[in-house]
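Presented below is the structure to which this report refers.
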Amino acid sequence: MSRTIIALDFSSREEVISFLKQFDEPVYVKIGMELTYACGLDIVKEVKAMGHKIFLDLKLHDIPNTVKGGMKNLAALGVDIVNCHCGGGIAMMRAAKEGLIEGTPEGKEVPKLIGVTILTSTSQEGMNNEMGIPGKVIDTVVHYAKNAKEAGLDGVVCSVLEAKAIHEACGNDFLTVTPGIRLAGNSKDDQKRVATPEFANEQGCDMIVVGRSITKAENPVETYKQIEKEISNGRI
Ligand code: C5P
């Protein structure tokens, strides 16, 4: 299975289906809030039935009891990865994991749970001045990753720039899933901490999340294949 997760940031079922029809093999996709809020969770079931692997990126962040209940219901969908914000704290992340375990049907694999550290659209300045977190982004990200590990999570979402430090702090088995990927020459859009697939590979990122660089490309399938080639000599 590929290490590239394609972010399906579309607002309708029709766009998703026609996008996915271009691929002649199952891919790893990310379904986030844009698509879920437009189509409901039925779209998750439909994409799964097409044979694709799914990272359901709903970034839960609430009191532990609510997150536990939410995760319990998500676990029943049979997705491969789900996530919550590390900023919710260790108790919340533990509750998320408990909910997932409780909600996974017998005999099925518990979805991997990863924590969102600091969004790749957040700059150093934004973290300090708007979020009120002093210090360097890398230190907060590594601190959050350690919390996630302590809570029993399988890994984190971080930028490519932090993956190496996270593996050093949390071990190589701790997953680093990295958005903020841009091909050379592409616009950064709203992202701040970006890197190329090649650099992600060099930094030891386990999986990369690519949205607009693939979905808005002239030839999405070719671009996807090119990216997969660029990262084919990685750790997985
Ligand atoms: O189009 P682009 O490649 O920037 O899309 C990145 C995707 O990854 C989006 O769906 C965004 O929600 C998600 N994401 C992110 N940064 C994070 C966590 C998730 O960009 N830290």
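Coordinate-derived values only; no laboratory data. On a predicted model such as this, the values are computed, not experimentally measured, just so you know. Neighbour counts are summed over all protein chains in view; Cβ atoms, including those assigned to glycine, are modelled from backbone coordinates with ideal geometry.
Among the candidates Glu150, Glu98, Glu109, which residue alone is within 21 Å of Met207 (Cα to Cα) and among the acidic types (Asp, Glu)? Don't jump to the end; show me each part of the working.
On the way: Glu150 fails: within 21 Å of Met207 (Cα to Cα); Glu98 fails: within 21 Å of Met207 (Cα to Cα).
Step by step, each of Glu150, Glu98, Glu109 is checked, and only Glu109 is within 21 Å of Met207 (Cα to Cα) and among the acidic types (Asp, Glu).
Kindly list the number of the only condition in (1) surrounded by fewer than 22 Cβ atoms within 10 Å (Cβ to Cβ); (2) without any contact (Cβ under 8 Å) to a residue 40 or more places away in the chain that fails for Asn172.
(2)
How about segment 212-222: which of its residues are surrounded by fewer than 20 Cβ atoms within 10 Å (Cβ to Cβ), within 17 Å of Gly180 (Cβ to Cβ) and in contact (Cβ under 8 Å) with a residue 24 or more places away in the chain?
Those that are surrounded by fewer than 20 Cβ atoms within 10 Å (Cβ to Cβ), within 17 Å of Gly180 (Cβ to Cβ) and in contact (Cβ under 8 Å) with a residue 24 or more places away in the chain: Arg212, Thr215.
Can you name every residue in segment 169-187 that is within 14 Å of the ligand (Cβ to nearest atom) and on the phi > 0 side of the Ramachandran plot?
We begin by selecting, within segment 169-187, every residue within 14 Å of the ligand (Cβ to nearest atom); these are 175-183, 186-187.
Matches in segment 169-187: Gly180 only.
Do you know which residues across segment 2-35 are among the hydroxyl-bearing types (Ser, Thr, Tyr), in contact with a helix residue (DSSP H, G or I) (Cβ under 7 Å, 6 or more places away or on another chain) and within 15 Å of the ligand (Cβ to nearest atom)? Give the steps one after another, and end with the answer.
Here is the first cut: in segment 2-35, the ones among the hydroxyl-bearing types (Ser, Thr, Tyr) are 2, 4, 11-12, 18, 28.
Restricting the remaining residues to those that are in contact with a helix residue (DSSP H, G or I) (Cβ under 7 Å, 6 or more places away or on another chain) gives 2, 4, 11-12.
Result: Thr4, Ser11.
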